[in-house]
1. Antiparallel as a % of all DSSP beta bridges within the chain, to the nearest 5?
2. Set the bar at 24 Å for Cα to Cα. Now go through 208/232; 56/190; 103/190; 176/232; 103/160; 103/232 and name every pair that lies beyond it.
3. With springs connecting C-alpha atoms under 10 Å apart, model the chain as a Gaussian network and identify which of 226, 191, 48 has the largest mean-square fluctuation.
4. Going by average Cβ density within 10 Å per residue, which order do the peptides 86-97, 169-180, 235-246 take, highest to lowest?
5. Any idea what the dipole of the range 9-246 comes to, in debye rounded to 20, about its Cα centre with Lys/Arg Cβ at +1 and Asp/Glu Cβ at -1?
6. Between the helical axis of 222-233 and the dominant principal axis of the chain, each derived from Cα atoms, what acute angle in degrees is found, rounded to the nearest 10?
7. Rounded if a/c is under 1.5, else prolate if a/b is larger than b/c, else oblate: which is the range 117-228, with a ≥ b ≥ c the root eigenvalues of its Cα gyration tensor?
8. Among all the aspartates and glutamates, which ones have a C-alpha under 16 Å from residue 194's C-alpha, if same-chain residues fewer than 8 places away are not counted?
Amino acid sequence: MKEKRKWWIPFVNRTLDFVLTSFCPICGGQVFKDGYSYVCQDCLDTLAWVRGTRCKLCGIPMAGMDFQGLTCAGCRDENLLFDRGRCMFVMEERARGLIHDIKYHGARMILRDMPSWVERSEGFREYLEGTVLVPVPLHRRRLGKRGFNQSEWIAQAFRKALGPSVEVIHALIRRKNTPSQTELDRNQRKANVKNAFALVRKNHLRKKDRIMLVDDVFTTGATLNACAEVLKENGFQQVSVATLGHG
Ligand SMILES: [Zn+2]
Ligand SMILES: [Zn+2]
């Protein structure tokens, strides 16, 4: 049965942000803030956190495989140019709701739980350590409309959770205001983001940097790949990707 989305929670939580209680965006239950507070622990336990063997390029779990370096069928279909990829959880309905609240309702407070998310994601801290986080940019017109870039929020949340071993650099711009990828199939997605990105002229990246592209969700990898292509063409050798969800 489809869970009823509690549309009011992001709005109420934004108002309650300064007091000691809020509502879990998944179950609607009251949560008392204790440091890890926005999503209740019971609901966090039910998210499909990635554990064990996973695809090297997108991070999706691969059951029954116990050797390294393997890629899933989806990634084998793409000509992905980045070296590695990780995601924190597989997108099922609850995770989809969380991402939706962040992206479309501006519920940035959900990302304050990031330290506990990182701990729940086996090896994720080590994966991010020492990298330069580069958020996937929005076109300035879309940014103007939405008021924020969720990928930038996620990159900042990673940085806060990781500490000074990582930094965030806005090295890319989106020069084509491409339509949303949501309704597009694999090939349309690829065509849609072709040449959509460019390097910021004064970007502060160093050629030896280990670059970590950050986005909210990995679907086919087309957007992240278009970003990786720009970086690789400009001589950056080490490019990986990190997302919250996969699906
Ligand atoms: Zn809950
Ligand atoms: Zn994959």
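Bear in mind that the values in this text are calculations on the coordinates, not laboratory data. Being a predicted model, the structure only gives us computed values, none of them experimental. For neighbour counting, all protein chains shown are included, and Cβ atoms are generated from backbone atoms with ideal geometry for every residue, glycine included.
1. Percent antiparallel among DSSP bridges in the chain is about 30.
2. On the way: 208/232 12 Å; 56/190 20 Å; 103/190 22 Å; 176/232 19 Å; 103/160 19 Å; 103/232 28 Å.
Beyond 24 Å: 103/232.
3. 191
4. Packing proxy ranking, top to bottom: 235-246, 86-97, 169-180.
5. About 1200 debye.
6. 40
7. Note, shape of the range 117-228 comes out prolate.
8. Correct list for residue 194: 78, 185, 229, 233.
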